[in-house]
Structures are given as structure tokens and as C-alpha cells.
1. So which residues in the range 491-519 are hydrophobic (A, V, I, L, M, F, W, C) and surrounded by fewer than 15 Cβ atoms within 10 Å (Cβ to Cβ)?
2. Just need a number here: residues in the range 59-79 that are assigned to a helix (DSSP H, G or I) and surrounded by fewer than 21 Cβ atoms within 10 Å (Cβ to Cβ).
3. If a residue must be at pLDDT 80 or above and surrounded by 21 or more Cβ atoms within 10 Å (Cβ to Cβ), how many such residues does the range 404-431 contain?
4. Residue by residue through the range 557-566, note down the ones that are open to solvent by 40 Å² or more (accessible area, probe 1.4 Å) and either basic (Lys, Arg) or modelled with pLDDT of 85 or more (or both).
5. Before we move on, is Gly304 open to solvent by less than 70 Å² (accessible area, probe 1.4 Å) and out of contact with any helix residue (DSSP H, G or I) (no Cβ under 7 Å at 6 or more places or on another chain)?
6. Out of Gly401, Gly444, report the one residue that is open to solvent by 30 Å² or more (accessible area, probe 1.4 Å), over 30 Å from Ala50 (Cβ atoms), at pLDDT 60 or above and small (Gly, Ala, Ser).
7. Across the range 171-191, what is the number of residues that are crowded, with 22+ Cβ neighbours inside 10 Å and part of a helix (DSSP H, G or I)?
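The values are calculated or read from the model by the stated rules, or taken from the named source; none is laboratory data. Predicted model only: the values in this text are computed from it and were never measured. All Cβ positions, even for glycine, are placed from backbone atoms using ideal geometry, and neighbour counts span all protein chains on display. Only protein heavy atoms, including side chains, enter the accessible area calculation; ligands, DNA and RNA are left aside. Shrake-Rupley method; radii C 1.70, N 1.55, O 1.52, S 1.80 Å.
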Amino acid sequence: MTLNKKSFVAWLLAVTCQMQLITSTDPCTLLTQTEFNAVAPSATAPYTYAGLCTAITDWNTDNPSNQIFMGTTEMEQRHELAAFLGNTLHESGGFAAAREYLMCGDNIEVSGVTYCKPCASENFDWTTRKCSSSLVSDVVSTTDYCAATNTPPDGCTCQAELQDPAALQAGYVAADKLFFGRGAIQLSWNYNYIDASLAITGDANTFCASPDLVATNESYAWGVGIWFWMSHLKDLNSVAKSSHDSILTDANFGGTVYNINGGLECPPASGSYHATSVKERLNQYCKAASELSVDALLGLDDCGGLQTAFDECATGGTPACPDCVAWVGVTTSTTTSTTTSTTTSTTTTATSTTPAATPTTTSSTTTTSASSTTTSTTQGQTTSGLFFPDWVSDNTCKNDGSEPTYMQLNPQGWMFQDLISCCTRFFNWRLSECTGTTSTGSSGLYYPNWSLESSTEHICLNDGNEPDYMIYNPSLYMSSDLETCCKKYYSWNYEACMGSTATGSSEWYVDWNLSICVQDCVGSAPCGGLAETWDSLYTSAAACCSGKLSWVDADTCVSESEGLSP
């Protein structure tokens, strides 16, 4: 067979993508549940670890030529994970804000429907998250985040919204009528919702019909953040770069900040809220960088004033960045010394690309352009004989004394007394290879099959082929029965995961594509398939129509839902 140029390019791209899948590490083996909990101790639904892993898998499966967290080296993967988490932690209030506070921090639920009380900042109590005076009434409407001239396919249809009498309280609007910020990078505006919906769900109407899915569905809440990270360009010109490209091509965290909120934070106005906010963002990044064991902070210079903000808050300024203290002295400078120099310092030198250990660390380093000899003590501890992660040669732990200088300067963060501790910390996805032992074998438990090479993706298995890191952490990854595993990891794909054993509650929920209510069951109408975890369930078609489709004639809705209409 002869390939033309176009076919050859397509073939080469496909091969390249497959090679990347083979050589890159699953992002959720680099970021474990334990590390996620350490970075985000206050995370609440929909910001779950399982939801993040599902969203990553979904994106990379659907976008093989534009994958997230799949850099050419493990360290690149760690860098992008740290930068993404640092930004999303800040944008979502530590993974606590599913919905924008001013627009929906004050919310109520009536008959399974969420209603929001839009608020001006001066009327919002940030402690109680209650609004003393709504932006809407029965005569005053809001058009926030609604560009009404942007209609499908350029934007979800939207309009000025008055208070909704169905809320039974003054000043509240149904959440599904508003396109305010939701999700990991606070997706907002009707024109962004339609683009994200198409990219993530394959259907432009999914988020247009029910934008609050972004605040209630775990994979969607993370998915919109991933979509923004991979797709958004702040400046529409030839040099504009996505946050993803800012990491992989420029090694610059500042570029991600500029892309997300550059108009307000790069640089922020002196004395403004954003002058404080950008320092909080930096602290979240430093925390994620430490937990993911990156070898250095990335550059800050692509966001004006970011380096200054770091220098201020990491050295005792207000507000302080306590998680950045260990990274003081980091630089992305490529300048190297060609002369012999002797340095005694409490921080890294100008040529360093690694974090200083702590202000109490002392080091004596003699360096020449050809070789270096280093002796290091940190609070009296030597690094002799300790195990360290070797990412350069074979992804294992060694204690041969060849550890990099930055590990010697910070042994508490990088080095361990025994092999198993080092392997568990840095290579838990390949513990058998790292420790040179044989795993205990199949447990007979069910596990989530995240392998991108399998033809049976997105289901739970108990075939004995679970990875070592799951065997060593059964309480985290393994389940005693299929249903528990499917509900925990594949709630969005529950029916397929359960296979022929799938059943439903026979209660009713809304099929937004058909604008009718259907039953939570498998089979012919009125069964609509198994309900998702975010679907509100009702005991009857009438209750479902009243609670979710109140604008449709009640009799018509019930008749069509029950399949009684001609």
C-alpha cells in the first residue's frame, strides 16, 4: 500500500500518540489519593479524586493528539499536575466552591431544584454566605453572564431573568437558568458553556439545557477545568498559548496565570483584592509542587509582577506564602558558571533550579564547570546511604550516593532510610519492579480498569490483572463487589459497567434531550436507561414533570413521559 503525504502524516501522528501512551505514566499514579488529600484537605463534592481521574481519562481518550498530564518525561507530568492543581485550588476556593459564591453562594433547594440568590459584593456575607439584598425581584432582572446575541451555535440561549416564584422565596432564580462560574476553573458565560459542552459531552445542548450539571457532576466539574486548560487562549494572536503549552513548551507557571486571570493579576493593582489573591494562588502552587515532588518551581516571568509577589510573600510579607518558603531561591535561569566558585549559603545560588531545604539548612558546595563535589547536612542529618528516586535511568530507588544536589540539600523531602519507603513514595505504581519483589497476586476484588490500551475501558474487573499499586492499596482502589466499584468510579457509565446485572430504581428523572420524564430502568419506554448520580429522582411521572418541567403543560408532560400520547 502506498501512503500519500496526508495519510502518512495522519499515520505518524497516530503512532506518536500511541508511543506517548506507552511511555507516559498514568497521571493518577503520580497524583495518588493520599497526595490529593494532602493538597486539598477541604475538598468537597463534586471535586473528588475519582472524578478527577475519570475526567483525565475521558479527555485523553477523546483527544489523543492533545492529551493532558502526559508529558514526554515523568517530571513534565508532575510539573503540569502541580501547576493545574495550584490554579484550580485557587479558582475553586480549595475545591470547596462548586458554584460562584456571589451568584449562588446563597442557595436553596425546593422539590429537588436548586435556586440561587444573585448578589452584589457589598450585600454578601462571606462568612455565612448569605445575601441581604438580591439582584433580582419580580420586576428587576439579571443578565449577568448572558450574552443574549450569542445564540446557538455561538452560545447557549439565555435571557434576562426575574425571580422565580417556584422558589417560594423572594430573590431566587433557578440555577439552571444562569451561566455563572462553576467547576474547577469556574466556567462562565453562555458562549463558553456551549463550547465546553460540545467538547466534553459531544452535545452542545447538555450544558445549555442544564448548566448546573457542571456543579453537580464530578467528571464535568473537573472536565470544564481541563477543557479551559487545554483550549483557552487569552490573546488571539500567533503567539498565544494555552495553559498546557505554557507548561510544556515554556516551563512557565506565570503563563498559566496570565491565561486564566491575566487582566487582573498580571500585574494586580497595588493594594487591590487581586494583589492579595495572586499570592494565595502562588501558595497553592507551591503546596502542590512540594506534594508532587517536582524538581523546581517553573518560571514566573510570563505574568507581570508574579515574581515580585513571590519574593514578598515567601519572605514574610503580607499575606505570607508559608508553602513557598522551601522554594525560596528557585530560578529558571539558564546561566551557568564556567569558573570555580565556593559558596556557603542558606538558600540556593543564582544558577540553582532546585528548592533550598529550609532556612536552617547549611551547605558547603564546591563547583567547577566539569564536575562537582558536594557535602550536605540538614539539621545534622547526612545523606550517606539513603535511598532516593532515580528518574533518569530506570525509575527505581537507589542508595549509591549519586543523588542530585537538590536532594542532598533537602533529604527530608526526597530521601529515605529504606528501599520500600522510597519506592512507596515515588514509584507506587511499579512497586514490584522498584523493590525487586513479587506482588501478592490477585485479590479477587473488583478494581477500576483505567488502561487506555484495553478494549474494555471504563468498567470494573476482577480478573486478577489489577496493577501493583492497587494491590498494595486495596482499601483505596478495590471493592468487594461489582456494584460498589461501578458506583465509586464509573457512576457516569454505570449501566455499561454493570453489564447485564444493571438494574434501576424505577423512579423518574428528566431526559433533557427529549424534555420528558423517563424511568430509571433498562428496557423499552418509558425506561430511559439508568439515572446518573446527579439526576433528581421522583416517585411518579407527575412529580417529575412538576419538579423539573414546570413550563410544560402538566397533562402533556405526563402523557408523553408515560408513553400514552398517540
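1. Leu514
2. First, the residues of the range 59-79 that are assigned to a helix (DSSP H, G or I): 59-62, 74-79.
This time we only want the ones that are surrounded by fewer than 21 Cβ atoms within 10 Å (Cβ to Cβ), so: 61-62, 74-76.
Adding up the residues that qualify gives 5.
3. Applying the first criterion (at pLDDT 80 or above) to the range 404-431 yields 404, 415-423.
From what is left, the residues that are surrounded by 21 or more Cβ atoms within 10 Å (Cβ to Cβ) are 415, 422-423.
Summing the residues that are at pLDDT 80 or above and surrounded by 21 or more Cβ atoms within 10 Å (Cβ to Cβ) in the range 404-431 gives 3.
4. Of everything in the range 557-566, those that are open to solvent by 40 Å² or more (accessible area, probe 1.4 Å) and either basic (Lys, Arg) or modelled with pLDDT of 85 or more (or both) turn out to be Glu560, Glu562.
5. Values: open to solvent by less than 70 Å² (accessible area, probe 1.4 Å): yes; out of contact with any helix residue (DSSP H, G or I) (no Cβ under 7 Å at 6 or more places or on another chain): yes.
So Gly304 passes the test.
6. Details: Gly444 fails: over 30 Å from Ala50 (Cβ atoms).
On inspection, the qualifying residue turns out to be Gly401.
7. 2
Condition check ((1) of a type in the set (A, V, I, L, M, F, W, C); (2) free of Cβ contacts under 8 Å to residues at least 24 places away in the same chain; (3) more than 20 Å from Leu213 (Cβ to Cβ); (4) exposed (fewer than 15 other Cβ atoms within 10 Å of the Cβ)) across all residues:
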| position | (1), (2), (3), (4) |
| --- | --- |
| Trp534 | yes, no, no, no |
| Ala543 | yes, no, yes, no |
| Gly547 | no, no, no, no |
| Asp555 | no, yes, yes, yes |
